[in-house]
Amino acid sequence: MSEALLWLLPCLVAFLTASCSGSETSQKEEEEALSPADRPNIVFVLTDDLDFASAQKMPQIRSQLIEEGTSLENTFISYPLCCPSRATILTGLYAHNHDVKGNHLPYGGFQKFRDEGHEENTIAARLQGRGYRTAYFGKYLNDYPGDDPTHVPPGWDEWHAFAVEKTDYRAYELNENGEVVSYGKKPQNYLPDVLSNKALEYLRGTTDSSEPFFLYLSPPSPHLPASPAKRHQNAFAEEAPPRPPSFDEEDVSDKPLYIRSKPRLSAEETLGIDNRYRRRLESMLAVDETVASLIQELEAVGELDNTYIFFASDNGWEQGEHRISMEKGYPYEESARVPFFVRGPGVSPGSKVEKLILNTDFAPTFGELAGVELAADGRSLMPLLRGEDPQWRSAVLLEGWGENVSVGLPPEYKAVRTESHKYVEYVNGERELYELEADPYELENVYESADPSLIEALKTKLDALRSCAEAGCREAEDTP
């Protein structure tokens, strides 16, 4: 054999075994080659119906997350209703693509999500396939568990999910890894505390494995009945309720019919709004304590410096604005805008991000951290979290299907929200247009008097977004 062939023989053997320099390695080999810092832990805390302003009232969330991380100030939920939003968070898809368009069958709910085949393709399933340990604690999707009380969705190694539809903080059932466990009305069974303790116990077990973890904690707070723990009752008894200019809006003559038909708030309704406001804040204090405990436990087990902590809500909450005494699902800012805070490696403490963020971005962000690509409509937030200034979207799509029109929610709508405007089209032909820089409380619908070229530009963008998918969504969002 010639000297040249002898020189090439080792590389030829290496090539045939897929280990020669420049060859592709298997996924398993790629994972083994990654250092722990390349595959950080991910903790995601998702609250239920928490509005942006109320989140700022929580002392531990403020000191441990906002001041030690970044606040993404303009984060929106595309369809601000529980189940559609949670389906988007799990998949990275707009609701018009995952087709979960309500909280209950036939429009949506857990069974719709399952029957559409989404459970096999959630961010948890993808991370688990990448070697992450995955754990879920709390509320999953509305109407879970459907017809199988022992159902554990694929993708989750550890599963402790709220197993009844009605939110009850003190008497409930949990599906604990396929076994239904009942919790009675005892002080130690307060649901947010039970979920917190289970999550903390899980973190204590992380020292037994070198694999990274994805922990998803979804307490019911501050969803009604917003029952605070006994230790927190009356903690906000003296808190003055918010009174923005849109509260009990005086002139709604320019609003759609479903708003015009609402009477001014009565003294009794206003008192109910105020009492709910204080009770919601009090119910959040247990979650506030949980955030501090999670961080303390992560530090104790030596994982804090390699963990990203994300905190958000599945939608906002109306509490008197535009005469809406309580609910979500509206295209207005109070429903669609949510708190979103992130702390982790490379995230500058006390920073703010003003770019438009959407819940379609959550799963792609988790995916980038884990080295997983998703067929999602959103995009990874990691460039923003690293302090970069990438080209970014100029608009987001808001959409709703009017599942509960009979109880006062809007009819089906599609809306485009830019940094300066919001344009809404309802299925019944009504329109709204707000100049958000001059009118952040959405008091003056200027659709009838606006420049036709502005309306045409917004309509064009909305038409591009209303049925977009994957890269097409990002292209439509980015178009000036």
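Among the residues that make up segment 410-429, is at least one of them touching a residue at least 60 places away in the same chain (Cβ under 8 Å), surrounded by 18 or more Cβ atoms within 10 Å (Cβ to Cβ) and acidic (Asp, Glu)?
no
Name the pairs: first residue in segment 196-214 and touching a residue at least 60 places away in the same chain (Cβ under 8 Å) and within 12 Å of residue 134 (Cα to Cα), second residue small (Gly, Ala, Ser) and open to solvent by less than 10 Å² (accessible area, probe 1.4 Å), Cβ to Cβ under 6 Å, at least 6 apart or on different chains?
Listed pairs, sorted by first residue: 202/135.
So in segment 67-101, with the set limited to residues that are aromatic (Phe, Trp, Tyr) and touching a Lys or Arg at 6+ places or on another chain (Cβ under 8 Å), which one is farthest from residue 334 (Cα to Cα)?
So, considering only residues that are aromatic (Phe, Trp, Tyr) and touching a Lys or Arg at 6+ places or on another chain (Cβ under 8 Å), the one farthest from residue 334 (Cα to Cα) is 79.
For segment 436-462, how many residues meet the condition of being without any contact (Cβ under 8 Å) to a residue 12 or more places away in the chain and open to solvent by less than 70 Å² (accessible area, probe 1.4 Å)?
2
Give 245, 192 a once-over and let me know the one that is farther than 30 Å from residue 39 by Cβ, at pLDDT 95 or above and out of contact with any Cys (no Cβ under 6 Å at 6 or more places or on another chain).
Within the list 245, 192, the selection yields 245.
Out of 454, 397, 433, which single residue is of a type outside the set (Ser, Thr, Tyr) and part of a helix (DSSP H, G or I)?
None of the others qualify; the one that does is 454.
Within segment 436-462, restricting attention to residues that are of a type outside the set (A, V, I, L, M, F, W, C) and in contact with a Lys or Arg (Cβ under 9 Å, 6 or more places away or on another chain), which residue is farthest from residue 332 (Cα to Cα)?
448
Quick test for you: out of 269, 250, 282, 211, pick the one residue that is open to solvent by 50 Å² or more (accessible area, probe 1.4 Å), more than 30 Å from residue 412 (Cβ to Cβ) and of a type outside the set (A, V, I, L, M, F, W, C).
211
Could you check segment 42-108 for helices (runs of 4 or more DSSP H) lying wholly inside it with 1 or more residues that are within 19 Å of residue 376 (Cβ to Cβ)?
By residue number, 82-91, 95-98.
The values are calculated or read from the model by the stated rules, or taken from the named source; none is laboratory data. The structure displayed is predicted, hence computed values, not measured ones. Reconstructed Cβ throughout: ideal geometry from the backbone, glycine too, with neighbour counts over all protein chains shown. Remember, those area values only see protein heavy atoms, side chains included, never the ligands or the DNA or RNA. Shrake-Rupley method; radii C 1.70, N 1.55, O 1.52, S 1.80 Å.
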